[in-house]
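Presented below is the structure to which this report refers.
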Amino acid sequence: MRNSSIRFNDPNKDKTLFFTTLRKAVDDYFKEQKLSKHYDGYMILKTVVLFAAYFLPFLTILIFNPPLWLNLVLWMVMGFAMSGIGMSVMHDANHGAYSNNPKVNQWLGYSINLLGGSVANWKMQHNLLHHTFTNITYVDDDIADKLIIKLSPHTEVKWYHKFQFIYAFGFYAIVTLYWATLKDFFQFRRYIKDGVNKNSKSENTKIMLSIVFGKILYFAIFIFVPIFVFSIPVMHVLLGFLLMHFLAGVILTVIFQLAHTVEGTSHPMPNDNNEIETNWAIHQLNTTVNFATSNKFLTWYLGGLNFQVEHHLFPNVCHIHYPAISKIVKPICQQFDVPYLENQGFFEAIGSHIRTLNRFSQVRVPDLNEAIN
């Protein structure tokens with residue numbers, strides 16, 4: 001895996017003022033409107049609603065032991081809420097965007113444990129690799145080949161990839177379950193080996209212990225306690241737990257794929273000098289797509305992740321501000337003649353993702369070893 005040795009070097013000096021101009025315009029907007037770049041009362045209410053939608057169904061299951069059909073409905077509600085917390089609360093907090101208070105971000109960032117995940121690994125994968133090296137094969141972990149899924153035009157095609165546009169969504173359903181069980185352990189070891197994890201040995205020991213403890217606690221609360229403390233039938237718990245994760249897996253994976261693995265995005269490879277021949281901001285615009293930005297419900301539920309362009313340019317700004325700053329970003333992109341990619345509708349974006357999966361399954365790499373080295 002390449003890492004921070006990759007540099008961004010834009011030969012087009014006319015574009016160097018783009019992000020400086022854009023950042024000043026966005027900063028001026030917050031000053032003129034006398035707004036914080038972080039949470040407000042609306043965001044607090046949203047956070048309460050999402051956490052309530054996650055915990056109240058679980059308490060209902062424990063206290064009332066409902067029949068199977070209602071049990072499954074409640075676990076489904078938890079699946080929707082789990083995804084909402086991940087996209088709207090955890091995501092902002094771990095970017096430092098929820099609050100200007102680091103402690104608030106830290107504690108809300110731990111809501112990743114409700115998905116069975118690890119904060120330390122997530123920040124390395126998402127904040128460091130994905131947000132810096134978006135869509136760069138062998139560096140951006142979000143587009144790494146995943147067992148039977150090929151998410152880059154630069155990796156080797158297997159015979160089964162030609163069917164991935166059909167089976168991909170079934171695979172997406174197990175993503176959070178894999179995350180809650182095995183992913184963090186494999187990823188932790190790989191990031192140390194690849195040099196992404198630069199923590200000391202003692203720091204990594206603490207991180208590993210927190211991962212192990214977090215997963216034991218997670219499965220104890222959601223599997224052991226309902227079965228052995230509240231005497232909920234085993235199949236009710238297992239079916240519900242799996243349903244919650246299948247639903248959350250599909251939602252979370254699809255939403256993040258619609259921003260980068262769709263038509264129009266680029267997947268640049270470094271040149272012989274290990275450089276991407278553009279600046280970082282324009283690279284984000286070349287590799288990131290908005291979708292369904294006029295859909296207010298999706299904007300609320302997805303934590304503004306349908307405004308991925310704004311998020312990638314300003315990851316430290318709370319998502320409640322993305323619709324407003326998009327009105328600043330788009331015209332400045334036009335002014336500097338840089339792309340502003342978007343799909344108008346949700347299903348338009350889904351179709352684009354399916355076609356892209358199909359296209360990647362037909363892209364042959366002439367010299368894979370050369371592409372890697």
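The values are calculated or read from the model by the stated rules, or taken from the named source; none is laboratory data. The structure presented is a predicted model; accordingly, all values stated were derived computationally and were not measured. Every residue, glycine as well, gets a Cβ built from its backbone with ideal geometry; the counts of neighbours run over all protein chains shown.
Please indicate, with yes or no, whether at least one residue in the range 189-201 is touching a residue at least 12 places away in the same chain (Cβ under 8 Å), farther than 18 Å from residue 114 by Cβ, surrounded by fewer than 17 Cβ atoms within 10 Å (Cβ to Cβ) and among the hydrophobic types (A, V, I, L, M, F, W, C).
Yes.
Show me the helices (runs of 4 or more DSSP H) found entirely inside the range 254-321 where at least 3 residues are aromatic (Phe, Trp, Tyr) and without any contact (Cβ under 8 Å) to a residue 12 or more places away in the chain.
none
Going through 42, 98 one at a time, which residue ends up being in contact with a helix residue (DSSP H, G or I) (Cβ under 7 Å, 6 or more places away or on another chain), farther than 22 Å from residue 177 by Cα and buried (at least 21 other Cβ atoms within 10 Å of the Cβ)?
Result: 98 is the single residue among 42, 98 that is in contact with a helix residue (DSSP H, G or I) (Cβ under 7 Å, 6 or more places away or on another chain), farther than 22 Å from residue 177 by Cα and buried (at least 21 other Cβ atoms within 10 Å of the Cβ).
Look at the range 135-191 and say how many of its residues are in contact with a strand residue (DSSP E or B) (Cβ under 9 Å, 6 or more places away or on another chain) and either more than 30 Å from residue 206 (Cβ to Cβ) or not in a helix (DSSP H, G or I) (or both).
The total comes to 7.
Taking residue 114 as the residue in question, decide whether it is at pLDDT below 95, buried (at least 19 other Cβ atoms within 10 Å of the Cβ) and within 30 Å of residue 239 (Cα to Cα).
Yes: the conditions hold for residue 114.
Let me confirm something: among 92, 27, 10, which residue is part of a helix (DSSP H, G or I), buried (at least 17 other Cβ atoms within 10 Å of the Cβ) and charged (D, E, K, R)?
So the residue among 92, 27, 10 that is part of a helix (DSSP H, G or I), buried (at least 17 other Cβ atoms within 10 Å of the Cβ) and charged (D, E, K, R) is 92.
Six or more apart or on different chains, Cβ under 7 Å: which pairs go from a residue in the range 209-233 that's free of Cβ contacts under 8 Å to residues at least 12 places away in the same chain to one that's assigned to a helix (DSSP H, G or I) and of a type in the set (A, V, I, L, M, F, W, C)? Could you list them?
Here the result reads 227/234; 227/237, each pair linking the range 209-233 to a residue that is assigned to a helix (DSSP H, G or I) and of a type in the set (A, V, I, L, M, F, W, C).
List the residue pairs whose Cβ atoms are under 8 Å apart, where the first residue sits in the range 58-75 and is farther than 13 Å from residue 232 by Cα, the second is in a loop (DSSP other than H, G, I, E, B), and the two are 6 or more positions apart or on different chains.
74/66
Is it true that residue 98 is under 19 Å from residue 212 (Cα atoms), over 15 Å from the mean Cα position of the chain (by Cα) and hydroxyl-bearing (Ser, Thr, Tyr)?
So residue 98 does not fit the description; no.
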